[in-house]
Amino acid sequence: MKLGKVEFCHLLQIIALFLCLSGMNQAEPSRSRSKPYFQSGRTRTKRSWVWNQFFVLEEYMGTDPLYVGKLHSDVDKGDGSIKYILSGEGASSIFIIDENTGDIHATKRLDREEQAYYTLRAQALDRLTNKPVEPESEFVIKIQDINDNEPKFLDGPYTAGVPEMSPVGTSVVQVTATDADDPTYGNSARVVYSILQGQPYFSVEPKTGVIKTALPNMDREAKDQYLLVIQAKDMVGQNGGLSGTTSVTVTLTDVNDNPPRFPRRSYQYNVPESLPVASVVARIKAADADVGPNAEMEYKIVDGDGLGVFKISVDKDTQEGIITIQKELDFEAKTSYTLRIEAANMHVDPRFLSLGPFNDMTTVKIIVEDVDEPPMFTSRLYSMVVSEAAKVGTIIGTVAAHDPDASNSPVRYSIDRNTDLERYFNIDANSGVITTAKSLDRETNAVHNITVLAMESQNPAQIGRGYVAITILDINDNAPEFAMEYETTVCENAQPGQVIQKISAIDKDDPPNGHQFYFSLTAEAANNHNFTLQDNKDNTATVLTRRNGFRRQEQSVFYLPIFIVDSGSPSLSSTNTLTIRVCDCDADGIAQTCNAEAYILPAGLSTGALIAILACVLTLLVLVLLIVTMRRRKKEPLIFDEERDIRENIVRYDDEGGGEEDTEAFDMAALRNLNIIRDTKTRRDVTPEIQFLSRPTFKSIPDNVIFREFIWERLKEADVDPCAPPYDSLQTYAFEGNGSVAESLSSLDSISSNSDQNYDYLSDWGPRFKRLADMYGTGPDCLYS
């Protein structure tokens, strides 16, 4: 009987299992050292039996606990005297054991990817004594893998780039998928790659996941981006395997495979002749399908009749060629220009030279348009000279301008008065002859820069400008003078022949050969006995003393007239006076004091003492002013302002006064007894102007009961008035009582025969009261009888 391969393998497994069991039983020397043996619930082919391991499949989905294996001890006779217990990882929570039979079951679904194996310990105990009958034994339960995890691309989705026009097989990017299943068992974790989307442009290596180009000459300008879908499948790609996918975006990067090309073979532009230099005439661009550095171009004018008139440059942003003017255009001189322009790539790839040439040519024609131009001067700058001695109307020079247009309109000239504010010059409107209009002075302005305007007669709006520089030639019209204001001193102890000053001169004129000055004393000063002058022949002179013994008390200042002559033609001269002060000098000849008055002042009175005296005088003046001001304020009458509410002006004085003894301020006797007449008292704060020699006698006034009662009634009303203010107030009443101590001066009462009043004393008061004395007096000249 012949056995097949499968049957033969199964037979070998049975024989091996039998031999292992037999060997274990024979190896147990005694009961006390015997170990439990383990029976596996399941076996797998192509695996040797390990006595201390159990195997259980993951992801068991049955309703009953999964049988794992069996523990058995040789001591166990099957009479129930032995019980089995488990301890370790997952004991009681995941794995349970039948303490009577030793059968082990898994109560929960197991996942190898979470935990691949569990280590447990088995113990056989005597049920009665609860003592171990076998030593504790450790064993492992391994979770057998099943294909329950699909491959995953942990780094996806992917982006990659590859140059366009790449050859077939160019590597693009590598993708990697991982499978959580056991890579050491079966094919659950063996992954192969395939491309689901992206053919026929790209391919993928099945084992490595490297994506490569599958077509040659892929053109970015046709399509620059591709979306690929890559699949990873386990079980070596067999049916039933799990798979995962990812996307790969592949972008074709640019290469310089497109030469520049002008859209047109020729261009034409019209420009006015008045267009300024550096203005843009035109913009042209050669088309290039490439991008970035591969599309960068340079332009140049290779031929034509406008090589020196125009130039072309490139705009770095738009890659356009910009044609600009280098020289002024003149329609009358040339009406058109032709340019041959070349555009070429700056970065050429040698691999694609066969697609070239990578440059192109075009023709640009520029038509110059005529415009009405302003007159043009024959020279941009005219230089003219004139003597400052020139008379008014002297011709200086001529300017000329013409109309450059074909019409050649006549031109009229004028001076821009903003450049000749003083109107020193005139110009003939027709001939352009410039003449002087005022006397010129080189020392005031040596060069005049004026602007001449030329206007077309037919179109005055067209104005040309010419510039004229007029230089004024010098003549000797300024006399020399001292170069500066000299402060010359001579010491009282100066010796004869001592140099006290060195002088020089200046001249506003500017002779061609420079200045030459001659110094001397004037005729009246030549024979003085004090000072002399020495000409140094180098435009300087030296002043020396002739004697010694200068004294400030005799003469403190000397005036020395000096005669200065220049070398002009004709020569001019001037007399300048040098002031020399006599000073008291120290041992080194340095002046200390030069004023004669200072010599007379006593030596003990210094500047500080003078300042102290002045400060004292000012202090005394201030004190006097304060005293006068305070006296004036005391003379002011202490009268309340009727419009002011005295309740709102509370002034506090920390002075209690003199009590009852103080009767100078106010006499209360009039209020206490109206019959008492106060003696006349002179006010201390007012000087009386008139002193009366005699006083009239008044009759005794009866007790004014009405006035007293009036005051008491008002006081009682104020005390009981609930609306009265709760503070002291001033009550004013327009009630004078029945009479007055001075009685009346009425004329009606004066003329009555019963009147005892005598007004003769009014004639003694002076001329001011003469009229009243005549009216009320009783003399023989009285008006009334």
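Once R0 is set to 41 Å, what does the formula 1/(1 + (r/R0)^6) return for the Cβ-Cβ distance between Q53 and K207, expressed as a FRET efficiency to the nearest 0.05? Mind showing how you got there, number by number?
Details: r = 33 Å, r/R0 = 0.81.
According to the calculation, E is roughly 0.80.
Does region 347-387 come out rounded, prolate or oblate, given a ≥ b ≥ c as the square roots of the eigenvalues of its C-alpha gyration tensor, rounded meaning a/c under 1.5 and, failing that, prolate meaning a/b above b/c? Present the calculation step by step, with values, prior to reporting the outcome.
Numbers: a/c = 10.74, a/b = 2.86, b/c = 3.75.
Oblate.
When only Cα pairs under 8 Å and 6 or more residues apart are kept, what is the percent relative contact order across region 216-293?
On the way: 73 pairs, mean separation 22.8, N = 78.
Dividing the mean separation by the residue count of region 216-293 yields 29 percent.
What are the radius of gyration and Dmax of region 481-593, computed over its Cα atoms and given in Å?
Gyration radius and largest Cα-Cα distance of region 481-593: 15.3, 50 Å.
Give, rounded to the nearest 20 debye, the magnitude of the charge dipole that region 376-473 has about its Cα centre when Lys and Arg contribute +1 at Cβ and Asp and Glu contribute -1 at Cβ.
Details: 8 positive and 10 negative charges, 19 e Å.
For this selection, approximately 80 debye.
Past 32 Å, Cα to Cα: identify those pairs from K70/K233; K223/K285; K108/K207, in the order given.
Working: K70/K233 38 Å; K223/K285 24 Å; K108/K207 37 Å.
From K70/K233; K223/K285; K108/K207, over 32 Å: K70/K233; K108/K207.
Multiply the residue separation of K508 and R340 by 0.36 nm, subtract the distance between their alpha-carbon atoms, and state the gained length in nm to one decimal. It would help to have the intermediate numbers written out before the result.
On the way: separation 168, 0.36 × 168 = 60.48 nm, distance 6.41 nm.
Length gained between K508 and R340: 54.1 nm.
Would you kindly state how much longer the chain becomes between L623 and L196 on full extension, computed as 0.36 nm times their sequence separation minus their alpha carbon distance, in nm to one decimal?
Details: separation 427, 0.36 × 427 = 153.72 nm, distance 11.69 nm.
Taking 0.36 nm per residue and subtracting the Cα distance, the gain is 142.0 nm.
Please report the spacing between the Cα centers of region 265-281 and region 425-476 in Å, no decimals.
36 Å
Taking 4 °C and 1.567 mPa s as the conditions, I'd like the Stokes-Einstein D for region 152-253 in µm²/s, using the Kirkwood hydrodynamic radius from alpha carbon pairs.
Numbers: Rh = 14.0 Å.
Reported coefficient: 92 µm²/s.
If you take all C-alpha pairs in region 130-188, what percent of them are over 15 Å apart? Don't skip to the answer; put the middle values down first.
Working: 1234 of 1711 pairs.
Summing the P(r) of region 130-188 above 15 Å gives 72 percent of all pairs.
Near L307, within a Cβ-to-Cβ distance under 12 Å, what is the net charge of the other residues, with Lys and Arg +1 and Asp and Glu -1?
Once all neighbours under 12 Å are counted, the net charge is +2.
Once you have the Cα-Cα distance between I475 and R423, take 0.36 nm times their residue separation minus that, and quote the gain in nm to one decimal. Mind showing how you got there, number by number?
Numbers: separation 52, 0.36 × 52 = 18.72 nm, distance 2.17 nm.
The I475-R423 span can extend by a further 16.6 nm.
If you average the C-alpha positions of region 92-146 and of region 205-225 separately, how far apart do those two centres end up, in angstrom?
Spelled out, the Cα-based centre of one part sits 56 Å from the other.
Using 7 Å Cα-to-Cβ label points, what is the A615/F710 separation (nm, one decimal)?
6.5 nm
Between S569 and R264, what's the calculated FRET efficiency when r is the beta-carbon distance and R0 is 56 Å? Round to 0.05.
Working: r = 78 Å, r/R0 = 1.39.
Plugging the Cβ-Cβ distance into 1/(1 + (r/R0)^6) gives 0.10.
Based on the Cβ-Cβ distance from D148 to S87, what FRET efficiency comes out when R0 is 25 Å, to the nearest 0.05?
Details: r = 30 Å, r/R0 = 1.19.
That gives a FRET efficiency of 0.25.
Label region 266-369 by shape, choosing from rounded, prolate and oblate, from the square roots a ≥ b ≥ c of the eigenvalues of the Cα gyration tensor; if a/c is under 1.5 it is rounded, and otherwise prolate applies when a/b is larger than b/c, oblate when it is not.
Values: a/c = 3.06, a/b = 2.25, b/c = 1.36.
Prolate, since a/c reaches 1.5 and a/b exceeds b/c.
Using only the Cα atoms, work out Rg/Rh for region 376-473, with Rh taken as the Kirkwood radius, to two decimals. It would help to have the intermediate numbers written out before the result.
Values: Rg = 13.7 Å, Rh = 13.7 Å.
Using only Cα positions, Rg/Rh for region 376-473 is 1.00.
Please report how far the C-alpha centroid of region 339-415 lies from that of region 534-564, rounded to the nearest whole angstrom.
69 Å
Since every read-out is calculated from the coordinates, none of them should be taken as a lab result. Note that the structure is a prediction, hence the values are computed from the model and not measured. Counting neighbours? That spans all protein chains shown, and the Cβs are built from the backbone with ideal geometry, glycine included.
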